[in-house]
1. Please go through the range B:143-162 and pick out each residue that is open to solvent by less than 10 Å² (accessible area, probe 1.4 Å) and more than 11 Å from every other protein chain (Cβ to nearest Cβ).
2. When the range B:231-272 is examined, which residues are found to be open to solvent by less than 70 Å² (accessible area, probe 1.4 Å), β-branched (Val, Ile, Thr) and more than 24 Å from the chain's Cα centre (by Cα)?
3. Which count do you get for residues in the range B:163-173 that are among the small types (Gly, Ala, Ser) and within 12 Å of another protein chain (Cβ to nearest Cβ)?
4. Would you be able to tell me the number of residues in the range B:202-222 that are outside any strand (DSSP E or B) and away from ligand 1 (no atom under 16 Å from the Cβ)?
5. Being open to solvent by less than 60 Å² (accessible area, probe 1.4 Å), assigned to a helix (DSSP H, G or I) and in contact with a helix residue (DSSP H, G or I) (Cβ under 7 Å, 6 or more places away or on another chain) is the filter here, so list the residues in the range A:72-106 that pass it.
6. Being open to solvent by 20 Å² or more (accessible area, probe 1.4 Å) and within 10 Å of chain B (Cβ to nearest Cβ) is the filter here; which residues of the range A:157-174 pass it?
7. Looking at B:Ala199, B:Ala259, B:Ala252, B:Ala230, can you tell me which residue is farther than 17 Å from B:Pro43 by Cα, assigned to a helix (DSSP H, G or I) and aliphatic (A, V, I, L, M)?
8. Identify, from the list A:Val5, A:Val39, A:Val26, the residue that is within 17 Å of A:Leu251 (Cβ to Cβ) and under 13 Å from the mean Cα position of the chain (by Cα).
Amino acid sequence: MIGYVAGRSILHRAHPYTTLALAGAVLLGAFAMTRPLQVGLLVLGAAGFAALGGGATLRSSAKPALLLALPIWVLLFVLHGLLGPEPRVFFGPVRLSAAGIATALVLGGRVTAIVLAFLTALATTAPHRLVEAMTAGGQPFGRIFLLSSTLTVLPRMRERAALILEAQQCRGLRLGGSPLARLKALGPLALPLVLGALAEVDEQVLALDARGAGDRREGGEGGGGAARRTALDPPRDSTAQRVVRWALLVLVLAAYAWKFRSMRG
Amino acid sequence: MTGYAVRVEAVRFAYGGGEGDVEALKGVSLDVAAGERVALLGPNGAGKTTLTRLLVALRRPAAGRVLVGDWDVATRRPDEMARRVGYVFQHADQQLFARTIADDVAFGPRRLGRPASGVAAALDELELEAVAGLHPYDVPPPTRKLVALAGVLAMEPGLLVLDEPTAGLDRRERERVVAALRRRADAGVTVLAVSHDLAFVAELAERAVVMRDGRIVEDRAVGDLMYDRAALSRVGLKPPTTVEISMALGLAGGPVRAAEVVEALRGVRWTQNAESSRDAEQASGSS
Ligand SMILES: Nc1ncnc2c1ncn2[C@@H]1O[C@H](COP(=O)(O)OP(=O)(O)O)[C@@H](O)[C@H]1O
Ligand SMILES: [Mg+2]
């Protein structure tokens, strides 16, 4: 299942910004890579990133990433392989476009790497730690709320779905044991799940507003300036992690510089 | 309606099932007689919710046995338990799913093949008729909580298990809940309610079971526990206001329910000092 998975891996312990920087580097890097070999390296990098999350998180990063990427791969190969330009090469009984295959590899690799990196970041970044880090970093409340509620919407819907199903069972609904039967039972719940999630977000905003967390509020007890919320327990950052983040930025810039140079040359 | 007795025998339960897991119940035994009204108290994380979930077969004990009437819960599914137990979840306001409140309340009775008359009665008891045609998410969370309770009352179960049924409710709503539950109890239904709300417990229950850290640490009459400030503070609770007043005035008979305290206050002769007796005379003279 997609979403945060508690754990103690190096990614779980890292500052949330570091994890996000790694995922961001894969995303930006993907569009700098234009050849199958480069994209292959990128996929390897993303796989390494996912592996840092540890075994338990791989189930909610690598598995869904592959499931998501597989149909895209098939589609890409069919499209570009069959419709791509000449010359063609034999793959078993079929003749496919060589350039088309290369394009499919590049596009498929990009998608795989991006999805994998994104799901890994999602699985290893505890939403509350990200909120703490952003609060400590002085980010505006609206941005924090938007990001954290987006990160947690899937797990919250999952919890709510489980809750409704349990409550229905306790009111006499017989659930078949198979996952398919459970999935079927979820069908009619789509609307209440969305409505419930919306109502919840509404109530959270109201509650936070009531506590004076809204960024519309100006001034404060300290006198002058916008009221600054204090992070309770901000995740620890380190020089090493800052160096890693800067290095990633340089790496991405270098990749783009290389790309544009080779495009001109 | 006959109530069901509950028997919990040396039950253990851990979340996760592997090593280093949270042991939520560390050997809990509890007997509740049919028709009894029991409050389950204790700090957060004590294991109260876990215990209630075992009663409806949503979880299975790792050791020990749970009986509801003559049914061993281990051999039943939650939808079978629904014939005997009405369970109101801790976050009951999040469990509604039907298009209208009336539909949601009718879900249980329909599944169980019970008469729809219980639906109207439950809506009426909790004063929900006015909103019965609305979508569950068009009413505020406390009302949704009442709707969830109505949905369970409408099933007419012999055992009611309620996990913090009054959390978030205002006083009037809480009074409606108390009235509805006492009516069931008077008809013989067994009631087991998890709560932090001692004013509610005082009105509802006759017996209080206190849990802490996966174990039962107190099991005594509500009237007794409410006057034991030390025992309450050990689990982070305080006597309700009515009992505070009764303690301060040294009212006879240890009244617990608000109505009992009022009754006891009527019997007090206001002679502590001249001023208070003069006030009392003026009050009686002017009325
Ligand atoms: N789904 C769960 N997974 C893991 N641990 C849980 C889960 N639910 C409860 N616990 C843990 O079990 C213990 C008892 O919880 P609970 O029964 O909810 O207590 P209470 O209802 O008294 O607050 C707590 O330590 C809690 O953290
Ligand atoms: Mg609980």
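1. If the condition is that a residue be open to solvent by less than 10 Å² (accessible area, probe 1.4 Å) and more than 11 Å from every other protein chain (Cβ to nearest Cβ), then B:Leu146, B:Val147, B:Leu149, B:Ala150, B:Leu153, B:Gly158, B:Leu159, B:Leu160, B:Leu162 are the ones that fit.
2. The one that is open to solvent by less than 70 Å² (accessible area, probe 1.4 Å), β-branched (Val, Ile, Thr) and more than 24 Å from the chain's Cα centre (by Cα): B:Val268.
3. Selection size over the range B:163-173: 1.
4. Residues in the range B:202-222 being outside any strand (DSSP E or B) and away from ligand 1 (no atom under 16 Å from the Cβ): 6 in total.
5. If the condition is that a residue be open to solvent by less than 60 Å² (accessible area, probe 1.4 Å), assigned to a helix (DSSP H, G or I) and in contact with a helix residue (DSSP H, G or I) (Cβ under 7 Å, 6 or more places away or on another chain), then A:Leu76, A:His80, A:Gly81, A:Gly100, A:Ile101, A:Ala102, A:Thr103, A:Ala104, A:Val106 are the ones that fit.
6. Of everything in the range A:157-174, those that are open to solvent by 20 Å² or more (accessible area, probe 1.4 Å) and within 10 Å of chain B (Cβ to nearest Cβ) turn out to be A:Glu159, A:Leu163, A:Glu166, A:Gln169, A:Leu173, A:Arg174.
7. Selected residue: B:Ala259, the only one of B:Ala199, B:Ala259, B:Ala252, B:Ala230 that is farther than 17 Å from B:Pro43 by Cα, assigned to a helix (DSSP H, G or I) and aliphatic (A, V, I, L, M).
8. A:Val26
The values are calculated or read from the model by the stated rules, or taken from the named source; none is laboratory data. Only a predicted model underlies this, so the values are computations on that prediction, with no experimental measurement involved. Methodologically, a virtual Cβ is constructed for each residue, glycine included, from the backbone with ideal geometry; neighbour enumeration extends over all protein chains shown. Just the protein is used for accessible areas: all its heavy atoms, side chains included, with ligands, DNA and RNA removed. Shrake-Rupley method; radii C 1.70, N 1.55, O 1.52, S 1.80 Å.
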